[in-house]
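Since every read-out is calculated from the coordinates, none of them should be taken as a lab result. Source: prediction; values computed, not measured. Because the Cβ atoms are built from the backbone with ideal geometry, glycine has one as well, and the counts that use them run over all protein chains shown.
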Amino acid sequence: MNYKVCSKCKRRLEATEENFTKHPTCKFGFHSSCKICVAKYYKQYCQDHREKVSKYNKKYYQNNKEELSRKKAEQYQNKKEAFSKYNKKYYQEHKEEISIKNKQRYREREGESTNDSKFSRTYL
Ligand SMILES: [Zn+2]
C-alpha cells in the first residue's frame, strides 16, 4: 500500500482516493494535501475571497451574457424540439387510438346535431 504525507497537516495517509483528491498532473496522481485539508483550504479561500469570487462570477456573467443567454435559448429550443418530437412519437404510437377517439367525438357531435335537427323538426 502506498502512503502519502499530507503537505498541510503532515499526516501519513494511504494514497487512496478516499484520502486524497485525484490530480492528473501530480507525481502520484493525487493532490499534495489530503482531502480534508483541501476542503478546509477551499472553504477558507471562498471565505477570504468572497467578494473576489462574487465579483468574478458577476464579471463572468457580464462577459458571457450573450453566450449564456444563447445557451439558455438553445436549451429552450432543444426542450421544445424534444417535446414536439415526443408529441409526434406519441401521435405515431397512438394514431389509431387518437383517430378512433376523434371519430367518436365527431360522431357524438353529429349525433347531437341530428338530435337537434330532429328536435327542431318535431317541435317547429
Ligand atoms: Zn491534510
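Quick one: among Ser33, Ser99, Ser84, which has the greatest mean-square fluctuation in a GNM of the chain with alpha-carbon springs under 10 angstrom?
Ser99
For Arg11, what residues show an amide H to amide H distance below 5 Å, using hydrogens built from the backbone and excluding near sequence neighbours?
Long-range HN contacts for Arg11: Cys6.
What is the magnitude of the charge dipole of segment 3-59 about its Cα centre, with +1 placed on the Cβ of each Lys and Arg, -1 on the Cβ of each Asp and Glu, and no other charges, expressed in debye to the nearest 20?
Computed charge dipole of segment 3-59: roughly 260 debye.
Taking each pair of distinct Cα atoms in the chain once, what is the resulting Kirkwood hydrodynamic radius in Å?
After inverting the pairwise mean of 1/r, the radius is 22.0 Å.
Calculate log10 I(q)/I(0) of segment 3-59 for q = 0.17, 0.31 Å⁻¹, where I(q) comes from the Debye formula with a single equal point scatterer on each Cα and nothing for solvent.
The calculated log intensity ratios at q = 0.17, 0.31 Å⁻¹ are -0.60, -1.15.
Determine the calculated [θ] at 222 nm for the chain from helices alone, applying -39500 (n - 2.57) to every DSSP H run no shorter than 4 residues and normalising by the residue count; nearest 500 deg cm²/dmol.
-24000 deg cm²/dmol
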